[in-house]
Amino acid sequence: MKIITKISVLSLLLFLLMGSCENSKQIKTLRLAHTLDTNHPVHLGMEHMAEQLDEVSGGKLKIQIFPSGQLGGERELVELLQIGSLAMTKVSSAVMENFSPNFKVLSLPYLFNDDEHAFEVLDGKIGKDLLHGATDFKLYGLGFYDAGSRSFYTKERMIEVPGDLGGLKIRVMKSNTAVNMVNALGGTPTPISYGELYTALQQGVVDGAENNPPSFYTSKHYEICKYYSLDEHTTIPDVLLISTDAWNKLNEQEQKWLQIAADKSIKYQRILWAASEKESLEKVQAAGVEISRPDKKKFQEQVSSLYQAYEADTAKFKLIQDIKQMAND
């Protein structure tokens, strides 16, 4: 009995690590984990990718999704990709700046003029260079999901001007750029794991946070924070990643299938996102949240120092200029 048990455990471990023994050696299964709720438009986009991959590959290549932080937070999931224990994940590009430094520029406030400008940059050469530049860190980017624009929500008061952030502890992602931005605006940045944020807001560890409308709604943070100021300071996309270990184990045809499925899911997810933003704002308002649209110029002026800090970094400063120029072309 002990021998059988040991063999069973070993078999299970091999299945989890290799991720592909589904009825036949010809079927490969990629494990994808993320931290979002199953109702979130990004999760729905990844479900669509799994469906498209199953269809385009004729069932030979599949994706198994582990949502809601089942396998860890975003940073932990990236690290699992790097050691080859997980095939795929979705993380904010703000998290990626800790692994691939050029991603830092995407976290700069007011980098993009609008969604059209952002998609043109992310779907073009600049976006591809960022995605594929992470291979040195054992990460290969397949594309960018829309994560909308992030804005401040608070428990105590509306944020109409940067000065309103004074004395408030604002939860930010574990991103130096996010920390510097809130400092520049006069608030006190407090990095906290997303999964711990609801409790942190409840207990007064932080006075507010910043995120996009669908995340504000699906996280139920609106139950605590009744003021939502749509200053839209950052448009930080989500990045769909596969470990280079898993990518290199796919043959050329399988890689094409996966990229086709990813591209289709991105188009589908962006449609879902636009609808979800509208619906989320309507629902939080119905739940008693007060919404404001402050003058962005005052916020832009306050964070100009973040751009000046990049002037000494020639490569990143040129990247910023190239992104800005695309809005004028």
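Values in this text are rule-based calculations from the coordinates and carry no lab data. Values in this document were obtained by computation on a predicted structure and should not be read as measured data. Using ideal geometry, Cβ is built from the backbone for each residue, glycine included, and neighbour counts are taken over all protein chains shown.
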*Place the peptides 237-243, 295-301 in order of packing, highest mean first, counting for every residue the other Cβ atoms within 10 Å and averaging per peptide.*
237-243, 295-301
*If you take the square roots of the eigenvalues of the alpha-carbon gyration tensor of segment 175-329 and sort them as a ≥ b ≥ c, do you get rounded (a/c under 1.5), prolate (a/b over b/c) or oblate?*
oblate
_Contact order normalised by length for the chain, with contacts defined as Cα pairs under 8 Å and 6 or more residues apart; what percent is it?_
23 percent
*If a/c stays under 1.5 just call it rounded; otherwise compare a/b with b/c (prolate if a/b is bigger, oblate if not). Do that for segment 259-329, with a ≥ b ≥ c from the square roots of the Cα gyration tensor eigenvalues.*
oblate
_J(HN,Hα) series, segment 101-118, from Karplus relation 6.51 cos²θ - 1.76 cosθ + 1.60, nearest Hz, glycine and proline x_ = x, 5, 5, 4, 5, 5, 8, 5, x, 6, 6, 9, 6, 6, 4, 4, 4, 4
*asked:* Going by average Cβ density within 10 Å per residue, which order do the peptides 133-140, 265-272, 145-152 take, highest to lowest?
replied: 145-152, 265-272, 133-140
*Only bridges with both residues in segment 80-239 count here: give the DSSP antiparallel percent, nearest 5.*
70 percent
*Amide H to amide H under 5 Å from LEU30: which residues, 5+ apart in sequence or cross-chain, H placed 1.01 Å off N in plane?*
LYS62, ILE63, GLN64
*Restricting to the chain, compute how many DSSP beta bridges are antiparallel as a %, nearest 5.*
55 percent
*Acute angle (nearest 10 degrees) that the helix 314-326 long axis makes with the longest principal axis of the chain, alpha-carbon atoms*: 80 degrees
*Quick one: which residues, 5+ away or cross-chain, put their amide H under 5 Å from the amide H of SER100? H built at 1.01 Å from N.*
none
*So how compact is segment 25-148: Cα radius of gyration and Dmax in angstrom?*
15.0, 49
*Could you work out how far the C-alpha centroid of segment 211-244 sits from that of segment 271-329, in angstrom?*
12 Å
*Between [x] 18.7; [y] 20.7; [z] 17.4, which matches mean projected area of the Cα convex hull in nm² calculated for the structure shown?*
[x]
_Spelling out what I want: for every residue of segment 39-48, take phi, set θ = phi - 60°, compute 6.51 cos²θ - 1.76 cosθ + 1.60 (Karplus), and round to whole Hz; glycine and proline get x._
8, 5, x, 6, 4, 5, x, 6, 4, 5
